Amino acid sequence: MKSILHIMTLSICMAATAAGASAQTKADTFQYNDERFADLQMLRYKVEGFESLTLRQKTFIYYLQEAALTGRDILFDQNGRYNLRIRHALERIYTDWQGDRQSSDFQALSVYLKRVWFSNGIHHHYGCEKFVPGFSESFFREAARSVGVAPTLIDEICPVMFDPSLMQKRVNLAEGQDLVLTSASNYYRGVTQQEAEDFYQAMKDPSDPHPVMFGMNSRLVKDADGVVREHRWTTTGLYHQALSRIVNLLRLARPYAEDADQQAVIDKLVEFYTTGDLHTFDEYTILWAANTAPLIDFVNGFTECYGDPLGLKCSWESIVNFKDLDATRRTETLSQNAQWFEDHSPVDPRFRKEQVKGISAKVITAAILGGDLYPSTAIGINLPNSDWVRREHGSKSVTIGNLTDAYNKAARGSGFLEEFAIDPSTVALVRQYGDLTDDLHTDLHECLGHGSGRLLPGVDPDSLKAYGSTIEEARADLFGLYYVADPKLVELGLTPDADAYKAQYYTYMMNGLMTQLVRIQPGNNIEEAHMRNRALIAHWCYEQGRADNVVEMVRRDGKTYVQINDYAALRRLFGLLLAEIQRVKSEGDYLGAQTLVEQYGVRVDPELHREVLDRYQRLDLAPYKGFINPVYTAVRDQQGHITDVTVRYDEAYDAQMLRYSRDYETLPLVND
Ligand code: ZN
């Protein structure tokens with residue numbers, strides 16, 4: 001499972017951050033924002049700490065990142081039968097065409113190609129709809145012919161690109177249609193939804209407590225003899241050219257692995273790529289989940305099933321990463337002091353845990369993104385996906401610190417904070433402390449908040465029903481809000497001074513009262529649990545503090561702003577609400593939950609909503625973002641041994657994509 005960034009606000013449990021409002025803590029000349037086209041903003045991320053790794057670690061990462069880039073063609077082909085052919089033709093025109101490159105046709109073709117690269121195919125990475133070319137078919141045909149693209153290939157791909165009725169959606173989930181036949185992704189060939197479902201139904205054994213993930217590593221095909229068969233993705237089957245190269249690179253990486261257990265992980269993965277055996281895959285994920293000691297870790301393989309309308313087939317992806325030791329130290333400090341936080345929390349002592357154990361959430365630094373994690377990526381990953389493996393062997397849950405950081409830093413120049421924060425001193429406050437206290441709030445939420453408190457004996461954990469997740473998120477958020485202002489954090493060295501928390505308080509209230517509304521369509525209520533929780537907390541505190549004017553909504557030059565008049569009083573209100581929410585949870589008070597959520601967390605003031613949407617729209621921000629990878633180079637001595645690995649960040653988006661198409665061209669144009 002992955003957690004992704006929606007529009008501007010982090011969508012996951014972890015992130016209670018105000019939309020784009022986080023800020024800079026130190027001077028930094030790194031260029032996080034890169035080019036923008038269509039609805040996309042390209043960003044860069046910094047691999048902080050790479051230089052101080054040992055040569056052995058750098059070498060390990062070097063081979064793993066090569067393996068990560070080598071699966072790119074697999075994903076293009078998984079996303080659509082003609083994607084590799086279309087990419088090939090477009091790239092030939094992009095690099096070799098001799099005509100007027102300023103012409104509107106060529107400019108439109110450039111944008112189209114950049115979108116195809118971004119989506120690893122001709123359908124939108126998020127909405128799944130097919131791109132509409134902004135150039136004419138006759139221009140394309142003529143340009144492709146002039147650069148030597150084969151006429152049969154041109155005839156083959158033109159209808160796919162230009163006929164809007166063909167291959168409309170990559171993944172179609174519309175009820176009542178044949179989802180397999182109407183989805184353009186390349187996981188099924190010649191089979192109906194019914195045939196595919198029957199095929200896999202027949203494999204299932206309901207009494208097996210350890211079922212493998214049937215279908216995850218193959219295309220299901222009705223062969224010429226009319227029989228439906230799996231064409232497996234292995235080093236001797238479909239995609240063998242790419243998978244053999246990946247296996248070679250994994251073998252080169254193996255001697256540099258950080259411990260013997262990690263070598264065993266690599267061996268199992270190689271065995272799986274070679275045999276395609278799904279029990280081997282489960283064994284591999286069990287070894288991988290247990291291998292938590294090394295600094296460096298990686299995902300490489302068929303992983304997520306969002307691209308298959310039936311949710312069976314896994315797209316290929318890879319990430320190579322290493323632990324962010326500073327951030328992980330922060331979460332460990334909180335975990336070690338978990339009992340102190342529990343004992344001092346403002347809830348009724350009956351609802352506290354007598355013995356509490358903090359969770360050490362791991363924060364990682366991404367070194368490379370590949371396959372279905374590139375360029376559009378996750379900011380949190382929780383694997384493996386098999387239910388029984390998770391239940392019996394656990395899973396790894398990580399947040400990718402340097403990507404979250406890059407999103408935050410890139411948003412700095414967006415004008416968002418300047419537009420919505422009330423005055424320059426508040427902007428300065430958020431700039432100084434925003435990133436730090438935001439991370440800290442997330443850590444408190446994750447490491448302590450969810451684990452704190454207890455139900456009274458006999459209370460059904462599901463008694464809050466549909467309001468359960470909103471109340472649970474509010475509880476964890478409030479735990480974080482209450483403690484981010486605590487002098488204990490200064491004492492533990494987690495916050496620099498007694499004022500830092502104000503940045504988090506301001507952005508939280510601004511987000512909950514106003515700016516998160518940018519994600520809601522006009523006329524709609526708030527539905528999503530995390531958004532309801534933020535609205536609930538912000539509106540409850542606003543209402544309860546009204547008599548004392550703790551938080552104000554101020555009108556200035558026709559615009560609405562949040563003003564916090566008394567930060568200490570706001571902390572007391574967070575404490576009061578935490579106590580009440582914990583009571584609701586501990587007692588299983590369904591009516592109490594319903595009243596709080598419905599009264600404070602659901603409704604939207606239409607006038608304020610319109611104003612916020614207008615102000616947001618004028619900022620003209622791209623709704624989707626993705627990352628350009630860093631470039632790693634192995635420095636070798638005369639014998640060919642690696643003596644150093646360097647990293648740089650200056651490759652242009654199109655140059656990177658063209659280089660990947662050239663150096664990691666692992667599959668033929670047709671894979672039938
Ligand atoms: Zn949460």
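Out of the residues in the stretch 526-549 that are polar (S, T, N, Q) and in a helix (DSSP H, G or I), state the one that is surrounded by the fewest Cβ atoms within 10 Å (Cβ to Cβ).
Let us first name the residues in the stretch 526-549 that are polar (S, T, N, Q), namely 533, 544, 549.
Going one step further and asking which of them are in a helix (DSSP H, G or I), we end up with 533, 544.
Working: 533: 28, 544: 17.
Going through the qualifying residues, I end up with 544.
Against the condition more than 16 Å from the ligand (Cβ to nearest atom) and open to solvent by 20 Å² or more (accessible area, probe 1.4 Å), how does residue 430 come out, does it pass?
Numbers: more than 16 Å from the ligand (Cβ to nearest atom): yes; open to solvent by 20 Å² or more (accessible area, probe 1.4 Å): no.
Against the criterion (more than 16 Å from the ligand (Cβ to nearest atom) and open to solvent by 20 Å² or more (accessible area, probe 1.4 Å)), residue 430 does not qualify.
Please enumerate the residues belonging to the stretch 434-451 that are among the hydroxyl-bearing types (Ser, Thr, Tyr) and open to solvent by less than 10 Å² (accessible area, probe 1.4 Å). If you could, list the steps in order and put the result at the bottom.
Pass one, the stretch 434-451, residues among the hydroxyl-bearing types (Ser, Thr, Tyr): 437, 442.
Selection gives 437 alone.
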Look at the stretch 155-180 and say how many of its residues are surrounded by 12 or more Cβ atoms within 10 Å (Cβ to Cβ) and farther than 16 Å from residue 312 by Cβ. 13
Conditions (1) surrounded by fewer than 17 Cβ atoms within 10 Å (Cβ to Cβ); (2) under 30 Å from residue 367 (Cβ atoms): number failed by residue 632: (1)
Quick one: what pairs do we get from the stretch 524-535, first residue more than 17 Å from residue 580 (Cα to Cα), second away from the ligand (no atom under 13 Å from the Cβ) and open to solvent by less than 20 Å² (accessible area, probe 1.4 Å), C-beta under 6 Å, 6+ apart or different chains? 525/602; 526/535; 526/602; 531/516
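Right, residue 229: basic (Lys, Arg), touching an Asp or Glu at 6+ places or on another chain (Cβ under 8 Å), over 23 Å from residue 388 (Cβ atoms) and surrounded by fewer than 16 Cβ atoms within 10 Å (Cβ to Cβ) or not?
Values: basic (Lys, Arg): yes; touching an Asp or Glu at 6+ places or on another chain (Cβ under 8 Å): yes; over 23 Å from residue 388 (Cβ atoms): yes; surrounded by fewer than 16 Cβ atoms within 10 Å (Cβ to Cβ): yes.
Criteria met by residue 229.
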Just need a number here: residues in the stretch 491-525 that are more than 23 Å from the chain's Cα centre (by Cα) and not in a helix (DSSP H, G or I). 14
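Can you tell me which residues in the stretch 464-489 are under 15 Å from residue 595 (Cβ atoms) and either among the polar types (S, T, N, Q) or open to solvent by less than 30 Å² (accessible area, probe 1.4 Å) (or both)? Before you say what the answer is, go through the steps one by one.
Of all residues in the stretch 464-489, those under 15 Å from residue 595 (Cβ atoms) come to 464-468, 470-471, 474.
Once the filter is applied, which keeps residues that are under 15 Å from residue 595 (Cβ atoms) and either among the polar types (S, T, N, Q) or open to solvent by less than 30 Å² (accessible area, probe 1.4 Å) (or both), the stretch 464-489 yields 464, 467, 468, 470, 471, 474.
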Residue tally, condition open to solvent by 40 Å² or more (accessible area, probe 1.4 Å) and among the aliphatic types (A, V, I, L, M), over the stretch 355-397: 1
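Could you go through the stretch 475-488 and let me know if any residue there is closer than 30 Å to residue 619 by Cα and either at pLDDT 95 or above or within 16 Å of the ligand (Cβ to nearest atom) (or both).
yes
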Test result for residue 458, touching a Lys or Arg at 6+ places or on another chain (Cβ under 7 Å) and free of Cβ contacts under 8 Å to residues at least 60 places away in the same chain: no
Considering only strands (runs of 3 or more DSSP E) wholly within the stretch 554-672, the ones with at least 1 residues that are under 32 Å from the mean Cα position of the chain (by Cα) and farther than 23 Å from residue 46 by Cα are 559-564
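Given the structure, is residue 27 within 16 Å of the ligand (Cβ to nearest atom), modelled with pLDDT under 95 and not in a strand (DSSP E or B)?
Numbers: within 16 Å of the ligand (Cβ to nearest atom): no; modelled with pLDDT under 95: yes; not in a strand (DSSP E or B): yes.
Answer is no for this residue.
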Looking at (1) under 14 Å from residue 384 (Cα atoms); (2) buried (at least 17 other Cβ atoms within 10 Å of the Cβ); (3) not polar (S, T, N, Q), can you tell me which one residue 272 breaks? (1)
Apart from one, (1) of a type outside the set (Ser, Thr, Tyr); (2) out of contact with any strand residue (DSSP E or B) (no Cβ under 7 Å at 6 or more places or on another chain); (3) in contact (Cβ under 8 Å) with a residue 12 or more places away in the chain all hold for residue 263; the odd one out is (3)
If you take just the strands (runs of 3 or more DSSP E) that sit entirely in the stretch 207-326, which of them hold at least 1 residues that are basic (Lys, Arg)? 218-222, 228-232, 315-323
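Answer yes or no as to whether residue 504 is at pLDDT below 95 and under 30 Å from residue 620 (Cβ atoms). So that I can check it myself, show each step before the final result.
Values: at pLDDT below 95: no; under 30 Å from residue 620 (Cβ atoms): yes.
Answer is no for this residue.
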Tally time: how many residues in the stretch 557-582 are open to solvent by 60 Å² or more (accessible area, probe 1.4 Å) and touching a residue at least 24 places away in the same chain (Cβ under 8 Å)? 1
What number goes with the only condition from (1) open to solvent by less than 10 Å² (accessible area, probe 1.4 Å); (2) more than 16 Å from the ligand (Cβ to nearest atom) that residue 407 does not pass? (1)
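Mind telling me which of the residues 591, 596 ends up being hydrophobic (A, V, I, L, M, F, W, C) and surrounded by fewer than 19 Cβ atoms within 10 Å (Cβ to Cβ)? Walk me through it before giving the result.
On the way: 596 fails: surrounded by fewer than 19 Cβ atoms within 10 Å (Cβ to Cβ).
Residue meeting the stated conditions: 591.
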For the stretch 450-469, state whether one or more residues are more than 11 Å from the ligand (Cβ to nearest atom) and under 21 Å from residue 362 (Cβ atoms). yes
Residue list for the stretch 347-375, filter: charged (D, E, K, R) and in a loop (DSSP other than H, G, I, E, B): 348, 352, 353, 354, 357, 372
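The values are calculated or read from the model by the stated rules, or taken from the named source; none is laboratory data. Just so we're clear, the structure is a prediction, and the values are computed from it rather than from any experiment. A quick note on method: Cβ atoms are made from the backbone with ideal geometry, for glycine too, and the neighbour counts reach across all protein chains shown. Surface areas here come from the heavy atoms of the whole protein model, side chains and all, with no ligands, DNA or RNA. Shrake-Rupley method; radii C 1.70, N 1.55, O 1.52, S 1.80 Å.
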